[in-house]
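A.B. asks: My questions will all concern the structure given below.
Every read-out reported here was derived from the displayed coordinates using simple, explicitly stated rules and does not represent laboratory data. This structure is a prediction, so every number in the text was calculated from the model and none was measured. Here the Cβ positions follow ideal geometry from the backbone for every residue, glycine too, while neighbour counts run over all protein chains shown.
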Amino acid sequence: MKVFLTGATGFVGSQVLQDLLEKGHQVRCLVREGSQGKLRVWEGVEIAVGDVLGPESLREKLRGCQAAIYLVGIIREFPRKGITFDRLHYQGARNVMEAANEQEVSRFLHMSALGARAGAPSCYHQTKYMAEEYLKESGLAYTIFRPSVIFGPKDEFVNLLARMIQKAPLVPVVGDGKYKLQPVALENVSQSFVRALEMPETVGKAYEVAGPEKLEYNQVLDIIGEALGRRVRKLHFPLSLMRPLVAGLEKFPSFPLTREQLIMLQEENVGDERPFFQDFGIVPLTFREGIARYIKRRG
Ligand SMILES: NC(=O)c1ccc[n+]([C@@H]2O[C@H](COP(=O)([O-])OP(=O)(O)OC[C@H]3O[C@@H](n4cnc5c(N)ncnc54)[C@H](OP(=O)(O)O)[C@@H]3O)[C@@H](O)[C@H]2O)c1
């Protein structure tokens, strides 16, 4: 099948691209001008230079494809550069959905996020939800994926925490750290996208994509510490202190937390993972097993 893939240079997209090629698909990657160098040149890959925010040029780029995959997303806004949740999660997705419809692309796989719902407190989740709703009304043969935090060798989440655990004597934790996450392995997520292309029974469905364990943030830190052979000493900061601090510092891109992320952490990020693993016939990888493959003891 010829698949139109957006986000192929990213953390999730590079794995999805590799898995699509291994399954024998032809892949046309939409890559932004200047990002071509991030993509390895593989047999079976066609590069289409473009932007999901440029609806005019998108139409032609989807011509001849049988499926489209939307993986573009951001975790942090930079409004002065035009990088906003509304533009990338909603408008960009809508542009690709419209182009897919015009080109009669029969299948559409959409990356949303766990927690996307009407009235969500974060803009991240609201805009993911808006794209889901648009897709449901689009007439496309869609499948929606809503992952919790995804872990894998080049992730930002686990690698950032591992660096903190290694370098800092105390690891900062927002509030009591008892809020839960359900980390899911990149390879499990990627497998599901590739399998969905050949599973018409997944059309019209939205899946909560989460790992086999619901872990408190404190446990996530301890498991990473175990993999590194270090005991994690935590320093808990009350939310009342963190809110103004984050509001003041989030404008610095090197500050690792934004108000949006604070809202999302607090509201937890867990769901029912069973339909996902059952329907796709995927064996879940646990967080401990998965990170042991790339987080290593040093010294
Ligand atoms: N990672 C997680 O834990 C997680 C959890 C839940 C949901 N998700 C969702 O999964 C998706 C992929 O996440 P990720 O972690 O792989 O993100 P990522 O590594 O930041 O990749 C984002 C991709 O989007 C591309 N992109 C950005 N703006 C674009 C534009 N205007 N036009 C075309 N492409 C554009 C980037 O291309 P450039 O190389 O040009 O920047 C990159 O390929 C996102 O929708 C995210 O919300 C991720």
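A.B. asks: Find the centroid of the Cα atoms in the stretch 157-187 and in the stretch 1-57, then give the distance between the two in whole Å.
C.D. replies: When both Cα centres are located, 30 Å separates them.
A.B. asks: So which of LYS178/LYS214; LYS251/LYS296; LYS167/LYS296; LYS38/LYS154 end up more than 21 Å apart, counting from Cα to Cα?
C.D. replies: LYS251/LYS296
A.B. asks: Let me ask something else. Starting from 0.36 nm per residue, how many nanometres of slack lie between ALA118 and GLU267 once their C-alpha separation is accounted for?
C.D. replies: Result: 52.2 nm gained on full extension.
A.B. asks: Once the cut-off is 10 Å, how many percent of the Cα-Cα pairs in the stretch 172-213 end up in the long-distance tail?
C.D. replies: The answer is 78 percent, as a whole percent.
A.B. asks: Extension gain GLU289-ARG274, at 0.36 nm per residue separation less the Cα-Cα distance, in nm?
C.D. replies: Details: separation 15, 0.36 × 15 = 5.40 nm, distance 1.91 nm.
Going from the current span to full extension adds 3.5 nm.
A.B. asks: Moving on. Would any residue of the stretch 168-185 have its amide N under 13 Å from a label point 7 Å out along Cα→Cβ of ARG233? List them or say none.
C.D. replies: So the set is 168-172.
A.B. asks: Within the stretch 1-54, report the GluC sites (Glu not before Pro) that DSSP leaves as loop and that have at most 11 other Cβ atoms within 10 Å.
C.D. replies: GLU33, GLU43
A.B. asks: Quick one: dipole size for the chain, taken about the Cα centre, charges +1 on Lys/Arg Cβ and -1 on Asp/Glu Cβ, in debye to the nearest 20.
C.D. replies: Value, rounded to 20: 1220 debye.
A.B. asks: Let me ask something additional. Residues with amide H under 5 Å of ALA185's amide H, sequence separation 5 or more or different chain, H placed in the peptide plane at 1.01 Å from N; which?
C.D. replies: PHE151, LEU285
A.B. asks: Let me ask something else. Could you tell me how many degrees, from 0 to 90 and to the nearest 10, lie between the Cα long axis of helix 123-136 and the main elongation axis, the longest principal axis, of the Cα atoms of the chain?
C.D. replies: In the chain, helix 123-136 runs at an angle near 30 degrees to the longest axis.
A.B. asks: Just for the chain, what percent of DSSP beta bridges are antiparallel, to the closest 5?
C.D. replies: 10
A.B. asks: Also, I was wondering about something else. Roughly what angle does helix 92-102 make with the longest principal axis of the chain, taking Cα atoms, 0 to 90 degrees, to the nearest 10?
C.D. replies: Long axis of 92-102 versus the principal axis of the chain: about 20 degrees.
A.B. asks: Report the paramagnetic label zone for ASP86: residues of the stretch 18-57 whose backbone N is under 19 Å from a point 7 Å from Cα along the Cα-to-Cβ axis.
C.D. replies: So the set is 52-55.
A.B. asks: Moving on to the next point. Name the long-range amide H neighbours of ALA48: under 5 Å, sequence gap of 5 or more, or other chain; modelled H, no Pro or chain starts.
C.D. replies: CYS29, LEU30, VAL31
A.B. asks: Right, another one. In a shell of Cβ-Cβ distance under 11 Å around ILE291, excluding ILE291 itself, what net charge do Lys and Arg (+1) and Asp and Glu (-1) give?
C.D. replies: Spelling it out: positives minus negatives among the neighbours equals 0.
A.B. asks: Compute the orientation-averaged projected area for the stretch 167-299 from the convex hull of its Cα atoms and round it to one decimal in nm².
C.D. replies: The orientation-averaged projected area of the Cα hull of the stretch 167-299 comes to 9.9 nm².
A.B. asks: When only alpha-carbon atoms count, how far does the chain stretch along each of its three principal axes, as whole angstroms with the largest first?
C.D. replies: That gives 55, 39, 36 Å along the principal axes, largest extent first.
A.B. asks: Turning to a different aspect of this structure: Taking a ≥ b ≥ c as the square roots of the Cα gyration tensor eigenvalues, with a/c under 1.5 meaning rounded and otherwise prolate when a/b beats b/c, else oblate, which class fits the stretch 1-157?
C.D. replies: On the way: a/c = 1.45, a/b = 1.22, b/c = 1.19.
It comes out rounded by the Cα gyration axes.
A.B. asks: Same structure, new question: Just want the answer: with Cβ charges of +1 for Lys and Arg and -1 for Asp and Glu, which residue in PRO212, ASN188, GLN166 is farthest toward the dipole's positive end in the stretch 137-215?
C.D. replies: Working it through, the farthest residue towards the positive pole turns out to be GLN166.
A.B. asks: Pop the C-beta distance of GLU56 and VAL203 into the FRET formula with R0 = 22 Å and round what comes out to the nearest 0.05.
C.D. replies: Rounded to the nearest 0.05, the efficiency is 0.15.
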